[in-house]
Amino acid sequence: MYKSVLGDGAFDFTEKKSRFIGWGFFVKTEEEALRKIEEIKSEYNDANHNCYAYIIGEDALIQGYSDDGEPQGSGGIPMLEVLKKEEMRNVLVIGTRYFGGILLGKGGLYRAYTNCAIKGLDAAKRVVRENFNRTSLSYDYNFHGKILNLLKQRDYKILEEEFTDTVSISLYIREDAPMIKELIDLTNGTIKIEVRGIEELATINGKIMR
């Protein structure tokens, strides 16, 4: 489980006539982050600067940043500090700047690129990424109503369902959830449960995002 973002996002703002674009991206590897940086630099090659920072891995062992021509420590460092402060993982933020003719000074740049990172994270949507078991359940029709009520109470969503001589459904269940024991107790131990894989999913306030 770790804090990250849902996907890609961007926010455009102006600071003393300089145009800034704050980007946020979900990335799983450093190679993916570097490719995304090159894509932005290529698409926005008329910008004066494309500063960036990233943290990769749940252990945060892979980190990188660049001031891209801005005064040392005024671009990439403040963006990296935002990621560290918010304990973000597998995230890349980029601050694109079009110079507007007014010097911001190192302090002004620090604040502007900090804002780029914050707005980029806002646009990409902060989430918690958790591991879920994709689980198949098979049980007698007599228990179907009770199981549906339990799933509704716990805010679980059915992915697939099939009605034959028994009811079969599939859903995502958290690895550490007490749901399995509840289902076993509810069906007097007659339910058949099969885990068909583990998937990392994004959640907001505990709810899986689609």
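The values are calculated or read from the model by the stated rules, or taken from the named source; none is laboratory data. Just so we're clear, the structure is a prediction, and the values are computed from it rather than from any experiment. Cβ placement follows ideal geometry from the backbone for every residue including glycine, while neighbour counts extend to all protein chains displayed.
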Selection from segment 155-198 of residues of a type in the set (D, E, K, R) and surrounded by 12 or more Cβ atoms within 10 Å (Cβ to Cβ) yields Glu161, Arg174, Glu182, Glu194
Can you name every residue in segment 20-58 that is in a loop (DSSP other than H, G, I, E, B) and either touching a residue at least 40 places away in the same chain (Cβ under 8 Å) or of a type in the set (A, V, I, L, M) (or both)?
Val27, Lys28, Tyr44, Asp46, Ala47, Asn48, Glu58
Kindly list, by first and then second residue, each pair from a residue in segment 189-209 that is at positive phi to a residue that is assigned to a strand (DSSP E or B) and not small (Gly, Ala, Ser), limited to pairs with Cβ atoms under 8 Å and residues at least 6 apart or on different chains.
Gly197/Asn133; Gly197/Arg134
Does Leu137 satisfy the criteria of being touching a helix residue (DSSP H, G or I) at 6+ places or on another chain (Cβ under 9 Å) and either of a type in the set (S, T, N, Q) or farther than 30 Å from Thr190 by Cβ (or both)?
no
Can you pull out every residue in segment 81-95 that is crowded, with 20+ Cβ neighbours inside 10 Å and out of contact with any Gly (no Cβ under 8 Å at 6 or more places or on another chain)?
Val82, Leu83, Met88
Any residue in segment 125-143 that's without any contact (Cβ under 8 Å) to a residue 12 or more places away in the chain: show its pairings with residues that are surrounded by 17 or more Cβ atoms within 10 Å (Cβ to Cβ) at Cβ separation under 9 Å, as long as the two are six or more apart or on different chains.
Asn142/Thr187
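What residue, of Gly57, Gly24, is under 16 Å from Ala123 (Cα atoms) and either modelled with pLDDT of 95 or more or surrounded by 13 or more Cβ atoms within 10 Å (Cβ to Cβ) (or both)? Step through it out loud before you land on a result.
Numbers: Gly57 fails: under 16 Å from Ala123 (Cα atoms).
It is Gly24.
Taking the conditions exactly as written (surrounded by 12 or more Cβ atoms within 10 Å (Cβ to Cβ), in contact (Cβ under 8 Å) with a residue 40 or more places away in the chain, farther than 19 Å from Ala202 by Cα and of a type in the set (A, V, I, L, M)), does Leu150 satisfy them or not?
Working: surrounded by 12 or more Cβ atoms within 10 Å (Cβ to Cβ): yes; in contact (Cβ under 8 Å) with a residue 40 or more places away in the chain: no; farther than 19 Å from Ala202 by Cα: yes; of a type in the set (A, V, I, L, M): yes.
No: the conditions fail for Leu150.
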Tell me, please, whether a residue that is in a strand (DSSP E or B), more than 14 Å from Leu121 (Cα to Cα) and at pLDDT 95 or above can be found in segment 75-93.
no
Condition broken by Gly75, with the remaining ones in (1) surrounded by fewer than 23 Cβ atoms within 10 Å (Cβ to Cβ); (2) closer than 18 Å to Phe25 by Cα; (3) of a type in the set (Gly, Ala, Ser) satisfied:
(1)
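Scan segment 103-112 and tell me whether some residue there is under 30 Å from Thr203 (Cβ atoms) and either surrounded by fewer than 14 Cβ atoms within 10 Å (Cβ to Cβ) or not small (Gly, Ala, Ser) (or both). Give the steps one after another, and end with the answer.
Step one: list which residues in segment 103-112 are under 30 Å from Thr203 (Cβ atoms), which gives none.
No, because not a single residue in segment 103-112 is under 30 Å from Thr203 (Cβ atoms) and either surrounded by fewer than 14 Cβ atoms within 10 Å (Cβ to Cβ) or not small (Gly, Ala, Ser) (or both).
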If you check every pair at least six apart or on different chains, which have Cβ atoms under 9 Å apart with a residue in segment 97-124 that is in contact (Cβ under 8 Å) with a residue 60 or more places away in the chain and part of a helix (DSSP H, G or I) first and a residue that is surrounded by fewer than 18 Cβ atoms within 10 Å (Cβ to Cβ) and among the aromatic types (Phe, Trp, Tyr) second?
Ala112/Phe13; Asn115/Phe13; Cys116/Phe13; Lys119/Phe13
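So which residues in segment 1-58 are in contact with a Cys (Cβ under 9 Å, 6 or more places away or on another chain) and aliphatic (A, V, I, L, M), if there are any at all?
Ile21
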For segment 63-96, the count of residues that are free of Cβ contacts under 8 Å to residues at least 12 places away in the same chain and within 27 Å of Lys3 (Cα to Cα) equals 1
Could you list all residues from segment 166-186 that are more than 13 Å from Leu151 (Cβ to Cβ) and more than 34 Å from the chain's Cα centre (by Cα)?
Thr166, Asp185
